[in-house]
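The values are calculated or read from the model by the stated rules, or taken from the named source; none is laboratory data. Computed from a predicted structure; not experimentally measured. FYI the Cβ positions are ideal-geometry reconstructions off the backbone, even for glycines, and counts take in every protein chain you see. Surface accessibility is based on the protein's heavy atoms, side chains included, excluding ligands, DNA and RNA. Shrake-Rupley method; radii C 1.70, N 1.55, O 1.52, S 1.80 Å.
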Amino acid sequence: MVAQALCTGPAALHHYLTHRLGALGALHTLETAPVLRTVKGAGPLAAPAPRRSAPKRR
């Protein structure tokens, strides 16, 4: 299982891990990796640019 949690700070993360996830009896181990800064993220796909026809020759 993979999960993502947005917390306001280290104390909020600790509370979430110990009280919310710790209360789940089915979990026996847990690993965390805090993300301190996000550099890139997914975004909406841009619509393709309309094709331009070649200029007419005279």
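Quick notes on this one:
- Bins of 10 Å from zero: percent of alpha-carbon pairs in the chain: 14, 32, 17, 12, 9, 8, 6, 3
- With 0.36 nm allotted per residue and the present C-alpha distance subtracted, the CYS7-ARG57 stretch has 11.8 nm of extension available.
- Top positive-direction residue, dipole computed over the chain with Cβ charges, set LEU45, THR32, PRO55: PRO55
- Taking every protein chain into account, the accessible area of the chain amounts to 114 square angstrom per residue (probe 1.4 Å).
- Just the protein heavy atoms count here, and of the accessible area of the chain at 1.4 Å, carbon and sulfur take up 58 percent.
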